[in-house]
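Inspection log for the structure reproduced underneath, given as structure tokens.
The values are calculated or read from the model by the stated rules, or taken from the named source; none is laboratory data. Every value quoted in this text rests on a predicted model; they were computed, and no experiment measured them. Cβ: placed from backbone, ideal geometry, glycine included. Neighbour counts: every protein chain shown. Surface areas here come from the heavy atoms of the whole protein model, side chains and all, with no ligands, DNA or RNA. Shrake-Rupley method; radii C 1.70, N 1.55, O 1.52, S 1.80 Å.
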Amino acid sequence: MSARELFSEESSAEVVAASFDGTPDPRLRRVVQSLVRHLHDFVKDVELTEAEWETAVDFLTRTGQICSETRQEFILLSDVLGLSMLVETVNHRTGGASTEQTVLGPFHVAASPARDLGTDIALDGKGTPCLVSGRVTGTDGTALAGARVDVWQTNEDGFYDVQQPDVQPPGNLRGIFTTDDDGRYWFRSVVPRYYPIPDDGPVGELLAATGRHPYRPAHLHFIVSAAGHRSVTTHVFVADSPYLDSDAVFGVKESLVRDVAEVDDPARAEAVGLPNPFRTLTFDLTLAREDEEPGSPTPATAGGPS
Ligand code: BEZ
Ligand code: FE
């Protein structure tokens, strides 16, 4: 028998962690050994019962079984545990210099239609009209002309087009815009609504069993990219929406909340091609250069996201 320590309640974490000492990739070794230590601490902390362990295995099995081409229950589980937002936040520290990130979510469509500035993306003509506009700049305030602004949102009933293929026209309330010479984008849309994340699977069971609701506050998704800059995946949240302080996936950041003010001005409504009155939502985005240190804006001209 070798002098290696045997498995016991006291030694479990160190014995199992040591079994990974020979992992050639140092990063994999660090991650697996830390995971083992935290898992063992967790079991000891709650004194996990065998029945609870079996429930957990069954829960994870069913989480995998419900996954498909169009449904990723493991990401949803990560979302409601706040893990997705933590990974996002740790990997995209902005130091206030560029627009904060938030979760991508499952309803992005890579092949979204390219649209001209000013297009009305509410293809079904329903909802409260809203002019969405903003400017994309670098952290030094320079306009980013030709930036790609990919947007998607729910209709007034709280559904994305891909959730209602028999109800909404394809491409409803989504599109890809290109900023003008001054870095500006604008389009016509409707005010999005709060909605529940998919809660008819194991993640929904977890929320129900723990007394949590499945709702996300009203928001519009953005992925904004420009040559030589880090792209930003984010949302703008509607300031008076329910659930702003209890988002089921913890995606809300103060810097991303905007008023959706009413404009009652027939001449302006006619100029922008919307019925009077209409709402306006302004969301400027700031992108860091690829060679810029995260969280360190260019000296002297540093400007935070507006
Ligand atoms: C969304 O905002 O589309 C979303 C994000 C996380 C989970 C479910 C939906
Ligand atoms: Fe969403």
Quiz item: Given V90, V32, which one is under 29 Å from A17 (Cα atoms), assigned by TED's automatic domain parsing to the domain that holds R258, more than 16 Å from ligand 2 (Cβ to nearest atom) and surrounded by fewer than 18 Cβ atoms within 10 Å (Cβ to Cβ)?
Solution: V90
Quiz item: Restricting attention to the stretch 56-78, does a residue exist that is more than 16 Å from ligand 2 (Cβ to nearest atom), small (G, A, S) and within 30 Å of H229 (Cβ to Cβ)?
Solution: no
Quiz item: Can we say G105 is more than 16 Å from ligand 2 (Cβ to nearest atom) and not in a strand (DSSP E or B)?
Solution: no
Exercise. Restricting attention to the stretch 50-86, report how many residues are at pLDDT below 95 and not polar (S, T, N, Q).
Key: 2
Quiz item: In the stretch 140-150, which residue that is closer than 18 Å to V236 by Cα, assigned to a strand (DSSP E or B) and touching a Gly at 6+ places or on another chain (Cβ under 9 Å) is farthest from ligand 1 (Cβ to nearest atom)?
Solution: V149
Quiz item: How about the stretch 176-190: which of its residues are surrounded by 21 or more Cβ atoms within 10 Å (Cβ to Cβ), in a loop (DSSP other than H, G, I, E, B) and on the phi < 0 side of the Ramachandran plot?
Solution: T179
Self-check item: Condition check for A226: away from ligand 1 (no atom under 16 Å from the Cβ), open to solvent by less than 20 Å² (accessible area, probe 1.4 Å) and closer than 28 Å to L86 by Cα
Solution: yes
Practice problem: Collect the residues in the stretch 248-275 that are away from ligand 2 (no atom under 16 Å from the Cβ) and open to solvent by less than 10 Å² (accessible area, probe 1.4 Å), keeping them in residue-number order. | Solution: A269
Practice problem: Considering (1) more than 31 Å from the chain's Cα centre (by Cα); (2) buried (at least 16 other Cβ atoms within 10 Å of the Cβ), say which one S8 fails and leave the rest. | Solution: (2)
Practice problem: Filter the stretch 214-247 for residues that are within 15 Å of ligand 2 (Cβ to nearest atom) and in a loop (DSSP other than H, G, I, E, B) and give the result. | Solution: P214, P217, A218, S241, P242, Y243, L244, D247
Quiz item: Of everything in the stretch 31-66 that's of a type in the set (F, W, Y) and under 30 Å from the mean Cα position of the chain (by Cα), which residue is farthest from E205 (Cα to Cα)?
Solution: F42
Practice problem: Return the total of residues in the stretch 194-213 being touching a residue at least 12 places away in the same chain (Cβ under 8 Å), assigned to a loop (DSSP other than H, G, I, E, B) and more than 11 Å from ligand 2 (Cβ to nearest atom). | Solution: 5
Exercise. Could you tell me whether any residue of the stretch 99-121 is more than 25 Å from F159 (Cα to Cα), within 16 Å of ligand 1 (Cβ to nearest atom) and surrounded by 14 or more Cβ atoms within 10 Å (Cβ to Cβ)?
Key: no
Quiz item: Taking the condition within 16 Å of ligand 1 (Cβ to nearest atom) and either in contact with a Lys or Arg (Cβ under 8 Å, 6 or more places away or on another chain) or charged (D, E, K, R) (or both), does T89 pass?
Solution: no
Exercise. Search the stretch 191-223 for residues being of a type in the set (A, V, I, L, M, F, W, C) and more than 30 Å from R279 (Cα to Cα), and hand back the single one that is surrounded by the fewest Cβ atoms within 10 Å (Cβ to Cβ).
Key: A209
Quiz item: When the stretch 131-174 is examined, which residues are found to be within 16 Å of ligand 2 (Cβ to nearest atom) and buried (at least 22 other Cβ atoms within 10 Å of the Cβ)?
Solution: V132, V151, W152, Q153, T154, N155, Y160, D161, N172, L173, R174
Self-check item: Scope the stretch 116-139; condition assigned to a loop (DSSP other than H, G, I, E, B) and among the aliphatic types (A, V, I, L, M); matching residues
Solution: L117, I121, A122, L123
